[in-house]
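Okay, so here's the structure we're looking at.
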Amino acid sequence: MSAFLYGIGLQWRLDFRDKGILLTYYIIPLLFFIFMSGIFTSINPTAYQTLIQSMTVFGVSMGALLGTPAPLVELYNSEMKKAYKVGGIPLWTGFVNNFVSGIIHLSLMSILLFILALFIFDASMPSNLFMYFVTLELFIIASLSIGTILGLTVKSTTKLTMVSQLIFLPSIMLSGIMFPVDMLPKVLQSIGGIFPATWGFINLSSTEWEFWPIAPLIITIILALLLCGWRLRRLHTAE
């Protein structure tokens, strides 16, 4: 158990030395938050009501989809994979360390964004903080699950950049954080329902517990983890 915790702690510290991780987990989301929040609140005086939720959805989505997959691609498509096998280290440890580290990083970023939004832009605090942070963690885990699938499936960083952007951009544009989803055609609204960002925004903006908006996140987590397990077995048997 101590070795497992040490691995997670080591991965978390290594992430702070990775400029790409810092950019996607912290710097870009927080800069986007500061810049766009000023614009949103100037154009729409009521934007402060969902400012925390919308900016958090953007930050979590960016970190999970653009930051999380990169270390996995480097690990499972390099000599490091062979080193794991030679050393008798299960391949799943790299996946778990990266996943848990991502949860910690994105949770810290979300808390920092939450505090800054309250003090800088006088944003509205969620009425039910317990519900907010529980659904936030569910959203983080669901988003990281998608990012992890990309990291275990895509075999080069060049392809990863393109594939990640193809998922990240529609998920942000169709989630409702930029403009109300009611303004979109029904087809695009249906497509938006595929992405965790849409359900993350709905849940974070909700004032009471409802199962139907939480269910898509739970289903996404279960299916993604099953797919990750299958992919890890394929990686283990591959030369």
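The values are calculated or read from the model by the stated rules, or taken from the named source; none is laboratory data. Predicted, not measured: the structure shown is a model, and the values here were computed from it. Please note: Cβ atoms are built from the backbone with ideal geometry, for glycine as well, and neighbour counts cover all protein chains shown.
Details
- Residue in the stretch 152-169 that is of a type in the set (Gly, Ala, Ser) and under 17 Å from the mean Cα position of the chain (by Cα) present: yes
- Looking across the stretch 33-48 at every residue that is free of Cβ contacts under 8 Å to residues at least 40 places away in the same chain and small (Gly, Ala, Ser), the one that is nearest to Ser205 (Cα to Cα) is identified as Ala47.
- Among residues of the stretch 24-47 being within 30 Å of Pro71 (Cα to Cα) and exposed (fewer than 12 other Cβ atoms within 10 Å of the Cβ), the one that is modelled with the highest pLDDT is Leu31.
- Filtered residue count, the stretch 172-191, keeping only those that are farther than 22 Å from Gln49 by Cβ and either of a type in the set (A, V, I, L, M) or not in a loop (DSSP other than H, G, I, E, B) (or both): 5
- Set side by side, the residues Leu152, Leu144, Leu232 differ, and just one is aliphatic (A, V, I, L, M), in contact with a Lys or Arg (Cβ under 7 Å, 6 or more places away or on another chain) and touching a residue at least 40 places away in the same chain (Cβ under 8 Å), which is Leu152.
- Restricting the stretch 124-175 to residues that are among the polar types (S, T, N, Q) and surrounded by 20 or more Cβ atoms within 10 Å (Cβ to Cβ), the residue that is modelled with the lowest pLDDT: Ser175
- Condition check for Leu166: closer than 27 Å to Pro71 by Cα and not small (Gly, Ala, Ser): yes
- Checking each residue in the stretch 192-239 for being in a helix (DSSP H, G or I), among the β-branched types (Val, Ile, Thr), surrounded by fewer than 18 Cβ atoms within 10 Å (Cβ to Cβ) and at pLDDT 90 or above picks out Ile218, Ile219, Ile222.
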